[in-house]
Amino acid sequence: VTPGVRVGIGIDVHRLVPGRPCRLGGITIPSPVGPLGHSDGDALLHALCDAVLGAAGLDDLGSLFPNHEAANKDRPSTEFCVEVIARLRSRGLVVLSLDAVVETERPVLLPHRAALRARIAELFEVAPDAVNVKGKSGEGLDAIGRGEALRATAVALVGPRPETV
Ligand SMILES: [Zn+2]
């Protein structure tokens with residue numbers, strides 16, 4: 001492994017309810033249900049941010065953007081990504097690769113994978129081929145399987161920013 005390269009993990013779960021926009025990975029997916037949350041409830045971006053922050057040795061998203069603060073109410077999670085990347089940059093670090101699993105019964109993610117990868121690559125300033133997102137159903141076993149919740153798990157690799165000329 002290249003010196004200075006570090007791995008991080010992030011997990012997030014949100015309840016799914018009718019009438020909320022289904023924000024996931026920084027895009028809006030057509031769906032009868034969407035994530036409940038203090039922010040826009042984008043569990044995939046929250047897991048990715050926590051993975052990146054963890055790899056960089058920084059405080060987690062909940063510490064940086066407490067959900068009891070009115071300023072974070074209904075806030076687009078893409079703004080959290082901008083802040084996370086700024087903190088990473090100030091430490092001389094960049095995101096090298098991201099991988100994530102989204103567990104949900106609905107919506108079906110397969111038709112949106114390419115758009116998710118492209119949007120996440122843009123938000124985290126990483127090449128699209130260094131980003132992956134997989135969808136899994138909950139097999140009907142629990143709140144996720146019944147379509148009442150969505151869970152995202154992400155890993156991130158970060159490393160020193162290449163020397164600029
Ligand atoms: Zn969240």
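The values are calculated or read from the model by the stated rules, or taken from the named source; none is laboratory data. Since we're looking at a predicted model, the values are computed, not measured. Glycine also receives a Cβ, built like all others from the backbone with ideal geometry; neighbour counts cover every protein chain displayed.
Taking the range 133-143 on its own, how many of its residues are closer than 21 Å to D50 by Cα and either surrounded by 16 or more Cβ atoms within 10 Å (Cβ to Cβ) or touching a residue at least 40 places away in the same chain (Cβ under 8 Å) (or both)?
We begin by selecting, within the range 133-143, every residue closer than 21 Å to D50 by Cα; these are 133-136.
Still in the running and either surrounded by 16 or more Cβ atoms within 10 Å (Cβ to Cβ) or touching a residue at least 40 places away in the same chain (Cβ under 8 Å) (or both): 133, 135.
So the count comes out to 2.
Of the conditions (1) within 15 Å of the chain's Cα centre (by Cα); (2) of a type outside the set (K, R); (3) within 14 Å of the ligand (Cβ to nearest atom), G54 satisfies every one except a single condition; which number is it?
Against the list (1) within 15 Å of the chain's Cα centre (by Cα); (2) of a type outside the set (K, R); (3) within 14 Å of the ligand (Cβ to nearest atom), G54 comes up short only on (3).
In this structure, does C49 turn out to be away from the ligand (no atom under 13 Å from the Cβ) and either at pLDDT 95 or above or within 21 Å of L116 (Cβ to Cβ) (or both)?
Numbers: away from the ligand (no atom under 13 Å from the Cβ): no; either at pLDDT 95 or above or within 21 Å of L116 (Cβ to Cβ) (or both): yes.
It is false that C49 is away from the ligand (no atom under 13 Å from the Cβ) and either at pLDDT 95 or above or within 21 Å of L116 (Cβ to Cβ) (or both).
What are the residues in the range 23-36 that are touching a residue at least 24 places away in the same chain (Cβ under 8 Å) and either crowded, with 24+ Cβ neighbours inside 10 Å or out of contact with any helix residue (DSSP H, G or I) (no Cβ under 6 Å at 6 or more places or on another chain) (or both), if any? Please lay out each step first, then the result.
So in the range 23-36, the residues touching a residue at least 24 places away in the same chain (Cβ under 8 Å) come out as 23-27, 29-33, 35.
The answer is R23, L24, G25, P30, S31, P32, V33, P35.
Give the residues of the range 17-42 that are aliphatic (A, V, I, L, M) and in contact with a Pro (Cβ under 6 Å, 6 or more places away or on another chain), sorted by residue number.
I29, V33
Residues of the range 7-22 being more than 8 Å from the ligand (Cβ to nearest atom) and surrounded by fewer than 24 Cβ atoms within 10 Å (Cβ to Cβ), which ones?
If we filter the range 7-22 for residues that are more than 8 Å from the ligand (Cβ to nearest atom), which is where we start, we get 7-11, 15-22.
V7, G8, I9, I11, R15, V17, P18, G19, R20, P21, C22, listed by residue number.
Are any residues in the range 23-46 within 15 Å of the ligand (Cβ to nearest atom) and of a type in the set (G, A, S), and if so, which ones? Talk me through it step by step, then tell me what you get.
Initially, the range 23-46 is screened for residues within 15 Å of the ligand (Cβ to nearest atom), giving 23-26, 34-46.
Listed by number, the residues that qualify are G25, G26, G34, G37, S39, G41, A43.
Which of the residues spanning the range 106-121 are touching a residue at least 24 places away in the same chain (Cβ under 8 Å), surrounded by fewer than 17 Cβ atoms within 10 Å (Cβ to Cβ) and over 19 Å from A149 (Cβ atoms)?
Hits for the range 106-121 are L110, A115.
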